Amino acid sequence: MDNLKLNVSLLRQRVPNLTSAAKSVGLRPATVSNLCTGKIPVGRAEVRTIAALASLAKCSLDELILRGESVEMIETGIKPLDLFAPLAKGGTVGLVARPGMGQLVLLGELFHHFKQEGYMTILLKPEGEYPELQDMLNDVERVAYSIEETYSIVANANTDHEIVFAADREHVLTGKIYDLQERFQEEGIQHITTFLVDLKGAAVDEDMPYGPLETLWYFDADLAARHMFPAVNPLYSTSSVSEGVHLEQVHLAVQQRAQKLLRRYRELRSLVQVRGLQAIPASETEVYERGARLEAYLTQPFYVAEAYTGLPGERVHLQDTLHDVQAILNGSMDHRSVESLSWIGTLK
């Protein structure tokens, strides 16, 4: 049962407005979203939920449920992404953020990495003027101005190249992104990883702003307000790669321990903000301090932001992230100050 997953691409094609459709048949959009990203394993879902989704998609259960399909991770070198919500290769990624939370800086950093690694990078330019997009154009190989131009660029690309493609949510709302993805699938073009951003910030207020996704990066207002970037929420962000069957057991164990610590740290921090450190029981002090160290370690200087931060960019391999996070969780870094763990790459 552990190797089952939903056919997310089929759902995306057949039921573009899945949020409304799910509600219309009595399903909670959050449940459907968690099933799509793998946060809720298909094997643990209610039969009526799966049957309702198959009915919405007008397909059989065999078509809706994929068996034994592997989900490959693209390592980004960005600590909180690789640890908590790994990028699913060939899937669709949704970034949920209000303006000012750093989503375009994160996307720019990713494109910077991808271009260096030989990926073809494509941006479907949104309508309107967004000066903040200018910073990432150096790492965009091709800029498209329409869905049709995007199709032409991909269709004529070297098939040996992996492609990363970014578009604004406006094309999700019109349904054109799904039409484009369906054309690619029909023609056997499967080496495209799609990033969807919402430059207006309306996605934050919706349950499933992009429909079904393989990867969801949810930005955190509190982290952004404290200038702890990348401000990706480690508890709400998720990925189909995080299903136990697709994730190395060491990675899964570290991820779960880190989330447990951060969840409790956030609860304690809300107490401290109101009543001070004395509000925390002595038995919880260690948890609070380790949570603060882990949160600080998950910040990271970006190459594309060097001119603004004055810090050299850092890229961190997943194995180094796992090693470092384990050290923090196990208390090996209890002698280090929180400040010394902020805005670094690996632990020195």
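The values are calculated or read from the model by the stated rules, or taken from the named source; none is laboratory data. On a predicted model such as this, the values are computed, not experimentally measured, just so you know. Virtual Cβ from ideal backbone geometry, glycine too; neighbours counted across all protein chains shown. Accessible surface areas use protein heavy atoms only, side chains included; no ligands, DNA or RNA. Shrake-Rupley method; radii C 1.70, N 1.55, O 1.52, S 1.80 Å.
Some points to look at:
- Every condition in (1) open to solvent by 40 Å² or more (accessible area, probe 1.4 Å); (2) over 25 Å from the mean Cα position of the chain (by Cα); (3) within 27 Å of V204 (Cα to Cα) is met by D62 except one, and the failing one is (3).
- Selected residue [assigned to a loop (DSSP other than H, G, I, E, B) and among the basic types (K, R)] from K200, K260: K200
- L56 open to solvent by 20 Å² or more (accessible area, probe 1.4 Å), modelled with pLDDT under 85 and not in a loop (DSSP other than H, G, I, E, B): no
- Whichever residue in the stretch 11-38 is of a type outside the set (S, T, N, Q) and modelled with pLDDT under 85 and, among such residues, is most open to solvent (accessible area, probe 1.4 Å): P16
- Just one of the listed residues (T76, T49) is assigned to a helix (DSSP H, G or I), surrounded by 13 or more Cβ atoms within 10 Å (Cβ to Cβ) and of a type in the set (V, I, T), namely T49.
- Which listed residue is in a loop (DSSP other than H, G, I, E, B), closer than 23 Å to L298 by Cα and either small (G, A, S) or open to solvent by less than 50 Å² (accessible area, probe 1.4 Å) (or both), from G100, G118, G108, G90: G100
- Number of positions in the stretch 171-192 that are among the β-branched types (V, I, T), part of a loop (DSSP other than H, G, I, E, B) and open to solvent by less than 50 Å² (accessible area, probe 1.4 Å): 1
- E286 among the acidic types (D, E) and over 28 Å from T193 (Cα atoms): yes
- Counted residues, the stretch 308-348 - those being within 22 Å of the chain's Cα centre (by Cα) and in a loop (DSSP other than H, G, I, E, B): 10
- Every residue from the stretch 210-254 that is touching a residue at least 40 places away in the same chain (Cβ under 8 Å), within 21 Å of V172 (Cβ to Cβ) and either aliphatic (A, V, I, L, M) or open to solvent by 50 Å² or more (accessible area, probe 1.4 Å) (or both): L213, L216, Y218, V232
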